[in-house]
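Remarks on the structure that follows.
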Amino acid sequence: MALAAVLAAAPAAPAAGAPLPAVTPRAETPALHDDDAGGNADADDPAIWRDAADPARSLVIATAKEGGLRAYDLDARPVQSIAAPPAEGPDDAPGRFNNVDLVHGLKLGAGRADLAVTSDRGHDRLRFYRIDRDRPGGPLTDVTDPAAPPVFSANQAEINEQRTAYGLATWQDRSTGRSYALVSRRERTSVALLELTPNRAGTVTYRTVRTLDLPSTFRLPNGRSWTPCAEPGELPQVEGMVVDPATGTLYAGQEDVGIWRVRADLTGKPELVDKVREYGVPGVYDEETEECVPGPDPGYGGKRIASDVEGLTLVRERDGDGYLLASSQGDDTFAAYDREVGEHNEYEGGFRVTAAGGALDGSEECDGAAALNEPLGPKYPHGLLVVQDGHDAPGEGDRPSTDFKFVDLGKVLEALDD
């Protein structure tokens, strides 16, 4: 969460209309703990891999920051845990897996493979893991080219500053068949387009095609310029991203600004689909408290999402319709927008993920989300939504606890249709 998100600490104005509907999870993964005893594991971002041969054996693959990568079955039980790579040296940053997405059918060696792709913020690199559900020892195998370069940094000193690979979305260009990753930069507004390139050794690397810098300062209707409040030197970063493969459209969540829409090849002019409620609110960073103190709200923000805007995911329907879902971290809700660009990504409604019982809580301060609108066996015949929970309850006292909630996507679609 960006420090500027403290602006959302003040009560946000409720969205117009009736209270948002609630859906409850069916399962949750074991809690992760961001402390020494827990291996500094912190749940962040999920992806859903469907086993076409046996959908009931599908997997959820998720990042745990310094805790590495996790694979879960549809009962939310751990299947495999992969450690993040160690630090290069004693004074260097350790591996830290931030976001994850999937690439399907990449030509690798003599055949094709599905891959999980992660952004390793600690080393400023992408990591690649081949998915094989029946492989002894676990379904994920590291196929990262050891010579894969840093995404944004020129050297280890820059990597240690941690303005590194952060948010991530994959894209396969239907016109060329080439595979890409779009990667944002921590504490900057940059998004890079990387082409994924397998090599003869059966590993995967990448090359930078182009980079786009989103705005950091905005002209308000009153003629003044506004920049979201943050720690000195930080710019309003992007994390949550998703590409609509049908149109080649990238949606990118600039955490304290709103949701952008732009061509996935990063050409053309970005358009702001929706703004966070705090858009335009002035703030002053307090060095003593390390928080932003907000000023009066001039009323230029949106009405649907509260900073930070985080996990973005698509719900695709066979007729081409569907939703763009966004995690509104500041008020623990999810917003749904029409997937069709021709409908200007009109807001369609929202929902909350609330507790199913004392032992199964809902989702708060959600960082990442993934949806798959395909049957996944008898447990999720109408698809699955996985959301990160930033405050797992009941927890263990003051110990930080996070996890992932599994939600019947059919129930979400019913809530949005009501």
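The values are calculated or read from the model by the stated rules, or taken from the named source; none is laboratory data. Source: prediction; values computed, not measured. When we count neighbours, we look across all protein chains shown, and the Cβ atoms used for this are built from the backbone with ideal geometry, even at glycine. Ligands, DNA and RNA are stripped out before the accessible areas are found, and what is left, the full protein with its side chains, is counted by its heavy atoms. Shrake-Rupley method; radii C 1.70, N 1.55, O 1.52, S 1.80 Å.
See the values below:
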quantity	calculated
The stretch 270-328 versus the stretch 238-258: alpha-carbon centroid distance in Å	12
Unpartnered cysteines - no second Cys beta carbon under 4.7 Å - across the chain	CYS366
Amide H within-cut-off set for TYR300, under 5 Å, with H built and near neighbours excluded	none
Rounded FRET efficiency, nearest 0.05, which uses the C-beta distance separating ASN155 from GLU271 and R0 of 35 Å	0.45
Cα→Cβ-extended label distance, 7 Å offset, between THR247 and ASP73, nm	3.9
Heavy-atom accessible area per residue - the chain, 1.4 Å, Å²	41
Candidate lysines for bridging to LYS65, where Cα separation is under 26 Å - those fewer than 8 sequence places away on the same chain excluded	LYS405
Sequence-separation-based contact order of the stretch 283-345, relative, with Cα cut under 8 Å and 6+ spacing, percent	23
In Hz, Karplus ³J(HN,Hα) per residue of the stretch 68-81 (6.51, -1.76, 1.60; θ = phi - 60°; x = Gly, Pro)	x, 10, 10, 10, 10, 7, 6, 8, 6, 8, x, 10, 7, 10
Ordering of 94-101, 355-362, 268-275 by packing [mean C-beta count within 10 Å, highest first]	94-101, 268-275, 355-362
Estimated dipole of the chain in Debye, rounded to 20 [Cβ of Lys and Arg +1, of Asp and Glu -1, Cα centre]	1780
Ranked by how many other beta carbons lie within 10 Å on average, peptides 173-181, 203-211 from highest	203-211, 173-181
Accessible carbon and sulfur surface of the chain relative to its total accessible area, %, 1.4 Å	46
Cα-based reach from LYS269 at 28 Å (exclusive), listing lysines while leaving out same-chain residues under 8 positions away	LYS303
Peptide ranges 231-237, 165-171 listed from the most packed, as the mean C-beta count within 10 angstrom indicates	165-171, 231-237
Amide H contacts under 5 Å for ARG96, placed H, 5+ residues apart	ARG121, GLY122, HIS123
Note, ³J(HN,Hα) from phi for the stretch 387-400, Karplus 6.51, -1.76, 1.60, rounded to Hz, x at Gly and Pro	10, 6, 10, x, 9, 5, 10, x, x, 10, x, 8, 6, x
Candidate lysines for bridging to LYS411, where Cα separation is under 21 Å - those fewer than 8 sequence places away on the same chain excluded	LYS379
Per-residue [θ]222 nm for the chain (sum of -39500 (n - 2.57) over DSSP H runs n ≥ 4, rounded to 500)	-1000 deg cm²/dmol
Amide H partners (placed H, <5 Å) of CYS229, local residues excluded	GLY283
3J(HN,Hα) from dihedral phi, the stretch 368-382, Karplus parametrisation 6.51/-1.76/1.60, rounded to Hz, x for glycine, proline	x, 8, 8, 10, 9, 8, 9, x, 10, x, x, 6, 9, x, 10
